[in-house]
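*Asks:* Take this structure, written in structure tokens, and hold onto it; I'll ask about it next.
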Amino acid sequence: GVAPAPAGAAVGTTLLGNGLLLGNCTAMAAYVVLQKRFLFRVDGATRRVTPVYPPLHVTAWSYFVGACFMLASCLYYVVTDRTVFTSLDVHVLLPLAYAVVVSSALCYALITWANRHASPTIVTAFWPVQTLATVLLSLAFVRGTVLDAKDYAGGCLIS
């Protein structure tokens, strides 16, 4: 189903957000499947698997492409609303550094490493574990987190 719209938000905005999340899921699945092609080559006659490119190179190039798209979106905001980047609070820098280093660079490197040693199906099969980890970490570290019946039902459906 479609997530409920936040108070004051237009239905179109919610649909756009859900569409972007769907696009993200599809793009990540395609990334893992296509990445396997650049990591290994299988000789049809001998069925021998040989490495094509080192995993770090594959991750770096995919990260470069993503950085180009991020640059384009940042330039859009700089041109249309210059106040977006001038109001950066110093308390945002640590979470931002975590997002860049751990949740982006490290995670993509780990996905590449896992894809080298397992099939893309196995690699993506573990992604729903992120939901459970998020809930547990949220309960442990975010004050005031309360789960209701819908949250428990959604968790059961995912697991």
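*Asks:* So what's the angle, to the nearest 10 degrees on a 0 to 90 scale, between helix 129-141 and the longest Cα principal axis of the chain?
*Replies:* Between the helix axis and the principal axis of the chain, the angle is about 40 degrees.
*Asks:* Using only Cα atoms, find the angle between the long axis of helix 11-39 and the longest principal axis of the chain, and express it within 0 to 90 degrees, rounded to the nearest 10.
*Replies:* Tilt of helix 11-39: around 20 degrees.
*Asks:* Next question, about the same structure. Quantify, in whole percent, the carbon and sulfur part of the accessible surface of the chain (1.4 Å probe; protein heavy atoms only).
*Replies:* 72 percent
*Asks:* Sort the following peptides by mean Cβ neighbour count (other Cβ atoms within 10 Å, averaged over residues), highest first: 33-39, 99-105.
*Replies:* So the peptides 33-39, 99-105, ranked by packing, come out 33-39, 99-105.
*Asks:* Starting from the Cα gyration tensor of the range 12-77, take the square roots of the eigenvalues, sort them a ≥ b ≥ c, and report rounded, prolate or oblate (rounded when a/c is under 1.5, otherwise prolate if a/b is larger than b/c, else oblate).
*Replies:* oblate
*Asks:* Oh, and also: If each of Phe126 and Asp81 carries a label point 7 Å out from its Cα toward its Cβ, how far apart are those two points in nm?
*Replies:* Those two pseudo-labels are separated by 3.8 nm.
*Asks:* Can you give me the relative contact order of the range 30-100 as a percent, contacts being Cα pairs under 8 Å and 6 or more apart?
*Replies:* Dividing the mean separation by the residue count of the range 30-100 yields 16 percent.
*Asks:* Once you list every other residue whose beta carbon is under 11 Å from the beta carbon of Asn115, what net charge do they have if Lys and Arg are +1 and Asp and Glu are -1?
*Replies:* Its environment carries a net charge of +3.
*Asks:* Considering Cα pairs under 8 angstrom that are at least six residues apart, work out the relative contact order of the chain and quote it in whole percent.
*Replies:* 21 percent
*Asks:* Compare Leu96, Leu56, Leu137 in a GNM of the chain, Cα atoms joined below 10 Å, and give the one with the largest fluctuation.
*Replies:* Looking only at Leu96, Leu56, Leu137, the biggest GNM fluctuation is shown by Leu137.
*Asks:* Summing -39500 (n - 2.57) over the DSSP H runs of n ≥ 4 in the chain and dividing by its residue number, what mean residue ellipticity at 222 nm do you reach, to the nearest 500 deg cm²/dmol?
*Replies:* Estimated from H runs of four or more residues: -21000 deg cm²/dmol.
*Asks:* What number do you get for the range 53-122 when its Cα radius of gyration is normalised by 2.2 N^0.38 Å, N = residues?
*Replies:* Normalised Rg, Cα atoms only: 1.42.
*Asks:* Also, I was wondering about something else. First obtain the Kirkwood hydrodynamic radius of the chain from its Cα pairs, then insert it into the Stokes-Einstein equation at 37 °C and 0.692 mPa s, and state the resulting D in µm² per second as a whole number.
*Replies:* Value of D from the Cα-based Kirkwood radius: 171 µm²/s.
*Asks:* Same structure again: Let me know the Rg and Dmax you get for the range 99-150 when you use only its Cα atoms, in Å.
*Replies:* Every Cα atom of the range 99-150 included, Rg and Dmax give 14.3, 40 Å.
*Asks:* How do the peptides 59-71, 43-55, 142-154 rank, highest first, by the average count of neighbouring beta carbon atoms within 10 Å per residue?
*Replies:* So the order, starting with the most tightly packed, is 59-71, 43-55, 142-154.
The values are calculated or read from the model by the stated rules, or taken from the named source; none is laboratory data. Here the structure is a predicted model, which is why all the values come from computation and not from measurement. Methodologically, a virtual Cβ is constructed for each residue, glycine included, from the backbone with ideal geometry; neighbour enumeration extends over all protein chains shown. Please note that ligands, DNA and RNA were not included when accessible areas were found on the heavy atoms of the full protein model with its side chains. Shrake-Rupley method; radii C 1.70, N 1.55, O 1.52, S 1.80 Å.
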